[in-house]
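The values are calculated or read from the model by the stated rules, or taken from the named source; none is laboratory data. Keep in mind that this is a model prediction, so the values were computed, not measured. As a convention, Cβ positions derive from the backbone with ideal geometry for all residues, glycine included, and neighbour counts pool all protein chains shown. The area values use the complete protein model at the heavy-atom level, side chains included, leaving out ligands, DNA and RNA. Shrake-Rupley method; radii C 1.70, N 1.55, O 1.52, S 1.80 Å.
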Amino acid sequence: MKIAIDASSASLENKTGVENVAYQTILCLKKIDKENEYFLYSSVPLAKELQGDNFKNIIIPFKKFWHKFRLPLALFKDKPEALIVFGNEIPGFAPKNSIVYIHDLAFKYFKKAYTKTELIIQNRAIKKDINFGAKIVTVSDSTKKDLIKLYKINQDKIKVIYSGYENIGGKSNLYGDFVFIGRIEKRKNIVNIVKAFEEYKCGNPDKRKLILIGKAGFGFREILKEIDNSKYKNDIKLLGYQPHQKVKQLFNNATALVYPSLYEGFGMPILEAFSTGLPVITSDCSAMKEIAGNSAILIDPDDPSEIAKAMEEIVSDKAKREKLIKDGFQRLKDFDWQNSAKQLIDFIKEGTE
């Protein structure tokens with residue numbers, strides 16, 4: 001079978017959620033599938049490890065209107081039998097057997113974080129995918145349920161395929177800092193993390209700091225104001241985006257990952273923390289509860305006191321901390337990139353045999 005992949009997101013150097021899913025999935029497909037022929041479309045050359053005998057990188061160098069015109073023209077010319085799209089709407093001239101990833105529906109719950117144009121584009125893209133009849137992959141059952149509720153999609157059209165994780169390795173530090181990683185924005189609930197840290201410090205005047213890793217996003221000024229007004233502002237560090245090696249170092253020197261986001265389609269930092277033996281505090285809602293399972297302390301993200309209590313529990317209760325670490329390693333067994341790639345191949349084959 002000739003399978004086309006919109007690999008544009010896999011070509012980005014600084015990869016976050018969608019880009020990482022695209023890169024890791026293609027990498028594993030290349031390792032396990034020697035039978036099908038893959039056409040990887042991108043505007044710039046892909047990394048050498050993504051290319052091979054049956055994985056051909058087709059470079060379409062004109063970035064302007066790339067998804068709207070350039071990719072459809074390539075599909076019209078090459079006529080693949082199947083198409084995988086990781087983060088965009090189904091393009092023109094897509095084959096009937098097309099699969100699109102929908103990672104989350106954050107724009108439906110946090111409309112103020114998007115421009116009117118962005119809201120229209122994202123909503124239109126999903127409706128186009130549905131009307132086309134594309135098969136849909138979600139990375140959590142939570143997002144699948146959102147799609148069914150908000151768009152009335154036939155659940156048989158949706159397959160949940162969990163992402164794998166990047167094994168950061170190393171070992172966490174009981175006497176280290178509290179750490180958060182993700183975009184520094186309102187949806188990530190940073191204000192309540194700051195409030196919780198302040199409450200923790202009032203009862204535990206130790207040397208621990210709060211480390212916030214990530215780029216600025218919607219509501220950043222409000223977050224800065226909250227930090228500046230905190231009596232412990234000197235113990236709160238905004239580091240911005242950090243490369244992999246630096247993140248590994250920070251995780252290895254942390255006491256816990258504090259991740260009480262208000263909404264996630266998956267929650268990759270949870271798994272990365274587990275791989276470090278880093279206890280996790282996360283929200284009892286959306287995909288975070290699903291991904292963490294019983295291996296993290298689940299809290300109400302709207303209650304800073306509950307977050308602060310969880311922080312203190314991890315520091316003071318050695319048995320609890322050790323159980324969280326053990327359970328975290330156990331939970332990782334359910335998330336594997338190679339298994340994800342195998343499920344994707346099976347989904348492509350459905351209805352073609």
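Would you confirm whether any residue within region 39-57 is open to solvent by 10 Å² or more (accessible area, probe 1.4 Å), of a type outside the set (A, V, I, L, M) and in contact with a Gly (Cβ under 9 Å, 6 or more places away or on another chain)?
No: region 39-57 contains no residue that is open to solvent by 10 Å² or more (accessible area, probe 1.4 Å), of a type outside the set (A, V, I, L, M) and in contact with a Gly (Cβ under 9 Å, 6 or more places away or on another chain).
Scan region 294-316 and tell me whether some residue there is surrounded by fewer than 19 Cβ atoms within 10 Å (Cβ to Cβ), within 30 Å of LEU29 (Cβ to Cβ) and without any contact (Cβ under 8 Å) to a residue 40 or more places away in the chain.
Scanning region 294-316, I find no residue that is surrounded by fewer than 19 Cβ atoms within 10 Å (Cβ to Cβ), within 30 Å of LEU29 (Cβ to Cβ) and without any contact (Cβ under 8 Å) to a residue 40 or more places away in the chain, so the answer is no.
In region 133-156, which residues are over 22 Å from ASP334 (Cβ atoms) and assigned to a loop (DSSP other than H, G, I, E, B)?
The answer is GLY133, ALA134, LYS152, ILE153, ASN154.
Go through (1) closer than 30 Å to ASP235 by Cβ; (2) surrounded by fewer than 19 Cβ atoms within 10 Å (Cβ to Cβ); (3) of a type outside the set (Lys, Arg) for VAL179 and report which single condition fails.
That leaves (2) as the condition not met.
Run ASP141 past the list (1) in contact (Cβ under 8 Å) with a residue 60 or more places away in the chain; (2) surrounded by 15 or more Cβ atoms within 10 Å (Cβ to Cβ) and report the number of the one that doesn't hold.
That leaves (2) as the condition not met.
From the residues in region 95-135 that are under 24 Å from ALA341 (Cα atoms) and under 17 Å from the mean Cα position of the chain (by Cα), which one is most open to solvent (accessible area, probe 1.4 Å)?
Restricting to residues being under 24 Å from ALA341 (Cα atoms) and under 17 Å from the mean Cα position of the chain (by Cα), the top hit is ASP104.
Does region 16-29 contain any residue that is open to solvent by less than 80 Å² (accessible area, probe 1.4 Å), in contact with a helix residue (DSSP H, G or I) (Cβ under 6 Å, 6 or more places away or on another chain) and under 25 Å from ASN131 (Cα atoms)?
Looking through region 16-29, at least one residue is open to solvent by less than 80 Å² (accessible area, probe 1.4 Å), in contact with a helix residue (DSSP H, G or I) (Cβ under 6 Å, 6 or more places away or on another chain) and under 25 Å from ASN131 (Cα atoms).
Scan region 75-95 and report the pairs whose first residue is free of Cβ contacts under 8 Å to residues at least 60 places away in the same chain and whose second residue is outside any helix (DSSP H, G or I), with Cβ atoms within less than 7 Å and a gap of 6+ or a chain change.
That search, which allows pairs on different chains as well, returns PHE76/PHE93; ILE90/SER98; ILE90/VAL100; ILE90/ALA134; ALA94/LEU83.
If only one of ILE291, ILE325 is farther than 17 Å from LYS171 by Cβ and out of contact with any Lys or Arg (no Cβ under 6 Å at 6 or more places or on another chain), which one is it? Let's see the steps before the verdict.
Values: ILE325 fails: farther than 17 Å from LYS171 by Cβ.
The match here is ILE291.
Is it the case, given these coordinates, that SER275 is at pLDDT 95 or above, of a type in the set (Ser, Thr, Tyr) and in contact with a strand residue (DSSP E or B) (Cβ under 7 Å, 6 or more places away or on another chain)? Spell out how you get there, then give the answer.
Values: at pLDDT 95 or above: yes; of a type in the set (Ser, Thr, Tyr): yes; in contact with a strand residue (DSSP E or B) (Cβ under 7 Å, 6 or more places away or on another chain): no.
Taking the combined requirement at face value, the residue does not satisfy it.
For the structure I just gave you, tell me whether ALA287 is in contact with a Leu (Cβ under 6 Å, 6 or more places away or on another chain) and open to solvent by less than 10 Å² (accessible area, probe 1.4 Å). Explain how you work it out, then say what you get.
Details: in contact with a Leu (Cβ under 6 Å, 6 or more places away or on another chain): no; open to solvent by less than 10 Å² (accessible area, probe 1.4 Å): yes.
Answer is no for this residue.
For region 189-281, which fully contained strands (runs of 3 or more DSSP E) count at least 3 residues that are open to solvent by 20 Å² or more (accessible area, probe 1.4 Å)? Spell out the reasoning first.
Working: elements: 210-213, 236-240, 254-259.
Counting at least 3 such residues, we get 236-240.
In this structure, does LEU12 turn out to be in contact with a helix residue (DSSP H, G or I) (Cβ under 6 Å, 6 or more places away or on another chain) and without any contact (Cβ under 8 Å) to a residue 40 or more places away in the chain? Spell out how you get there, then give the answer.
Details: in contact with a helix residue (DSSP H, G or I) (Cβ under 6 Å, 6 or more places away or on another chain): yes; without any contact (Cβ under 8 Å) to a residue 40 or more places away in the chain: yes.
Taking the combined requirement at face value, the residue satisfies it.
(1) in contact with a strand residue (DSSP E or B) (Cβ under 8 Å, 6 or more places away or on another chain); (2) in a loop (DSSP other than H, G, I, E, B); (3) open to solvent by 20 Å² or more (accessible area, probe 1.4 Å): which one isn't true of LYS159, the others all being true?
Result: LYS159 passes all but (2).
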